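This report concerns only the one structure given below.
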Amino acid sequence: MNIDDVLAAHIWRPIGEQNPKIKQVRAILSNTKPNPQKLFAAEGIWILSLCEKFDTPLDCLILCPEHIRTPEAAALADRLAARTDERFTVSAKTFEKISERGQPDGMFALAKLPVHDLAAFDPPNDAVLLVLDGIEIPGNVGTMLRMADGAGVDGVFLCNRKARMTHPKLIKGSQGAVLSVPFFEFESVTACRSWLAAHGFAVYLADTRAERYYFDEPFGEKTALVMGSERYGISREWYEGDYRMIAIPMEGSCDSLNVGVAATVLAYEAVRKNKFVHRYPKC
């Protein structure tokens with residue numbers, strides 16, 4: 001298949017850089033305007049292949065025929081075109097106005113962020129959840145989603161959310177994990193704590209004041225790891241319920257780690273002990 005076949009197989013509307021759709025794309029890329037549909041920008045073969053893999057709904061597909069170079073790219077464009085009624089073509093000049101890549105693939109979509117049903121979320125008895133409390137930097141949220149996917153974390157909870165989940169830096173930092181890892185937003189810490197208590201989770205607060213180091217904690221039960229904001233740490237409400245504090249030893253002059261690094265250390269240890277050590281004692 002080539003790009004001419006794709007153009008002939010579907011109805012496309014040519015648009016320029018002053019078109020409202022291009023203006024919407026640029027607003028989402030700059031994260032400057034309300035985004036009630038929770039659309040995110042997906043550019044290129046790699047991320048759009050993930051959108052196809054995870055059946056991510058597409059709001060629109062924008063093609064630049066001049067940049068579609070391979071039969072594989074054309075075939076992907078054809079499959080994606082079948083999944084949306086909003087199809088546009090643009091010139092190379094217009095595409096380069098929205099592209100953030102040095103060598104664009106000629107494909108750009110606005111895709112809808114996944115929506116997960118908390119009522120249907122049923123984590124196993126060895127589950128590990130990551131709770132992000134007030135994380136402000138979008139890239140940190142994306143990094144922790146990516147880590148959660150790699151470590152085998154069962155889900156990510158968000159409290160006091162400060163970063164928009166559709167922020168381009170979050171999407172990029174997640175490396176596609178925003179499409180694969182179940183995430184849920186809570187209106188308050190109280191609501192999140194209530195859910196965790198009702199579902200039998202032990203709550204661990206990552207706190208440098210803890211007397212117990214993370215590697216001394218046996219885990220082995222449903223585990224929720226709470227990570228606090230970059231500036232203010234964990235909200236006081238978390239200290240009003242049942243919890244355990246764990247720390248990562250700091251042997252140098254710094255008193256703490258980046259929140260994404262700290263979350264990685266804790267999550268891999270909890271997953272190892274919950275899902276492997278307790279299941280396979282000899283491993």
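The values are calculated or read from the model by the stated rules, or taken from the named source; none is laboratory data. Nothing here was measured: the structure is a model prediction, and the numbers come from that model. Counting neighbours? That spans all protein chains shown, and the Cβs are built from the backbone with ideal geometry, glycine included. Just so you know, the surface numbers come from the protein's heavy atoms only, side chains and all, with ligands and any DNA or RNA stripped out. Shrake-Rupley method; radii C 1.70, N 1.55, O 1.52, S 1.80 Å.
Mean Kyte-Doolittle of at least 1.0 plus a Cα span of 18 Å or more along the axis: flag which DSSP H helices in the chain meet both, please. If you can, show how the numbers build up before the last one.
On the way: long enough: 138-151 (20 Å, 0.03); 259-272 (19 Å, 1.24).
For the chain, where a helix must reach 18 Å along its axis and average at least 1.0, the hits are 259-272.
So which aspartates and glutamates pass the test for K97, namely a Cα distance under 13 Å, with those fewer than 8 places away in the same chain ruled out?
Correct list for K97: E17, E43.
If the reach is capped at under 19 angstrom between alpha carbons, list the lysines near K162, excluding any in the same chain fewer than eight residues apart.
K33, K38, K172
Once fully extended, how much extra length lies between Y239 and E251, figured as 0.36 nm per residue of separation less the alpha-carbon to alpha-carbon distance?
Working: separation 12, 0.36 × 12 = 4.32 nm, distance 2.63 nm.
Gain on extension, Y239 to E251, equals 1.7 nm.
Relative contact order of the range 186-233: what whole-number percent is it, with Cα pairs under 8 angstrom and at least 6 residues apart?
Relative contact order of the range 186-233: 40 percent.
Give, in whole angstrom and from largest to smallest, the semi-axes √(5λ) of the equivalent ellipsoid of the range 127-269, with λ running over the eigenvalues of the Cα gyration tensor.
Semi-axes (√(5λ), whole Å): 21, 18, 15.
Accessible area per residue, 1.4 Å probe, Å², for the chain: what's the number?
In whole numbers, the chain has 50 Å² accessible per residue.
How much of the DSSP bridge set in the chain is antiparallel, in percent, rounded to the nearest 5? Present the calculation step by step, with values, prior to reporting the outcome.
Details: 11 of 37 bridges.
Within the chain, antiparallel bridges account for around 30 percent of the total.
Which whole-angstrom value gives the distance between the alpha carbon centres of the range 172-241 and the range 126-150?
Answer, in whole Å: 10.
With labels modelled as points extended 7 Å from the Cα through the Cβ direction, what inter-label distance (nm, one decimal) is found for H199 paired with K33?
The two pseudo-label positions are separated by 3.6 nm.
Does anything in the range 46-69 have its amide N under 12 Å from the 7 Å Cα→Cβ label point of R79, and if so which residues?
Output list for this probe position: 46, 48-56.
Summing Lys, Arg as +1 and Asp, Glu as -1, what charge do residues with Cβ under 11 Å from the Cβ of I135 carry, I135 excluded?
Net local charge, I135 excluded: 0.
If I take the Cα coordinates of the range 1-157 and project them onto the principal axes, what are the three extents in Å, biggest first?
52, 33, 29
State, in angstrom, two size descriptors of the range 48-136 derived from its alpha carbons: Rg to one decimal place and Dmax to the nearest whole number.
17.5, 54
Of all DSSP beta bridges located in the range 20-176, what percent are antiparallel, nearest 5?
About 55 percent, rounded to the nearest 5.
Quote the relative contact order of the chain in percent (integer), defining contacts as alpha-carbon pairs under 8 Å separated by 6+ residues.
18
What Rg and what Dmax come out for the chain when only alpha-carbon atoms are used, in angstroms?
Using the Cα atoms of the chain, the pair Rg, Dmax is 21.6, 67 Å.
Cα centroids of the range 4-33 and the range 104-120: how far apart, whole angstrom?
When both Cα centres are located, 17 Å separates them.
With runs of 4+ DSSP H residues as the only contributors, calculate the mean residue ellipticity of the chain at 222 nm using -39,500 (n - 2.57) per run, divided by the residue total and rounded to the nearest 500.
On the way: 10 runs with 94 residues, N = 283.
Here the helix-only value at 222 nm equals -9500 deg cm²/dmol.
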